[in-house]
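What follows is a set of notes on a single structure, which appears directly below.
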Amino acid sequence: MKIMYTQADGSVAIIHGAPKENIERDLGVKLTEKEYKDRVRLTVPNDAINPREIDPKDIPDDREFRGAWVDKTIEPVVDIDLIKAKEIKLELIRQQRVKLFDKADGEFMRALETGAEAELIAAKEKKAMLRNLTEGLKALDVKDIAELKGVDIETYLK
């Protein structure tokens with residue numbers, strides 16, 4: 001049994017109840033389905049907002065956008081806030097970009113030290129391209145999570 005609820009900060013939490021057999025073994029008694037569910041419901045925090053049972057198929061398979069999970073419909077399903085998901089993707093690309101900046105900085109310094117004008121210009125252009133790398137994603141009007149999943153740093157390096 002799984003229970004979804006909204007936390008005070010607006011994020012969604014999922015309780016994964018222990019298997020019924022495990023609880024029965026620990027208690028040394030057989031439980032009805034209702035007793036089992038009541039036991040799992042006892043683990044829901046007092047400040048939980050809108051706790052309800054959720055089918056595992058209604059929980060995203062991966063946690064890539066876990067920070068963007070929301071509960072905004074009447075159905076017991078985990079929804080994804082596309083604006084928050086886009087911010088998560090932007091942050092991931094920014095983190096990946098740091099390594100590329102380090103490499104470009106090294107190329108720039110070598111070109112500066114050797115006085116290689118063509119390499120210096122190329123390094124400056126590369127650094128400018130990296131600085132502007134996220135502009136394409138920022139401008140992207142995301143319609144669904146699948147579209148966002150298909151975006152990675154390579155998308156914008158071309």
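Structural remarks
- Pairwise centroid distance, computed over Cα atoms, of region 1-25 with region 98-142, Å: 47
- Between residue 62 and residue 84, the modelled label-to-label distance comes to 1.9 nm, taking each label 7 Å out from Cα in the direction of the beta carbon.
- Here r is the Cβ-Cβ distance between residue 95 and residue 49 and R0 is 35 Å; the resulting FRET efficiency, rounded to 0.05, is 0.65.
- Shape of region 2-80, Cα gyration tensor, a/c cut at 1.5: prolate
- Projected onto their three principal axes, the Cα atoms of region 82-157 cover extents of 48, 17, 15 Å, largest first.
- Mean separation of Cα pairs under 8 Å and 6 or more residues apart, divided by the residue count, gives the chain a relative contact order of 19 percent.
- Theoretical FRET efficiency, 1/(1+(r/R0)^6), r = Cβ-Cβ of residue 124 and residue 11, R0 35 Å, to 0.05: 0.25
- Amide hydrogen neighbours beyond the local backbone of residue 70, cut-off 5 Å, H modeled: 79, 80, 81
- The HN-Hα couplings worked out from phi for region 94-109 by the Karplus form 6.51 cos²θ - 1.76 cosθ + 1.60 (θ = phi - 60°) are 4, 5, 5, 5, 4, 4, 5, 4, 4, 5, 5, 4, x, 5, 5, 5 Hz, whole numbers, x standing for Gly and Pro.
- Reported label for calculated Rg and Dmax of the Cα atoms in Å given (i) 19.1, 64; (ii) 24.1, 81; (iii) 15.2, 43: (ii)
- Environment charge of residue 70, counting only residues whose C-beta is closer than 9 Å and scoring Lys/Arg +1, Asp/Glu -1: -1
Readers should treat all values here as calculations from the given coordinates under stated rules, not as data from a laboratory. Treat the numbers as computed from the prediction; the structure is a model and nothing was measured. Reconstructed Cβ throughout: ideal geometry from the backbone, glycine too, with neighbour counts over all protein chains shown.
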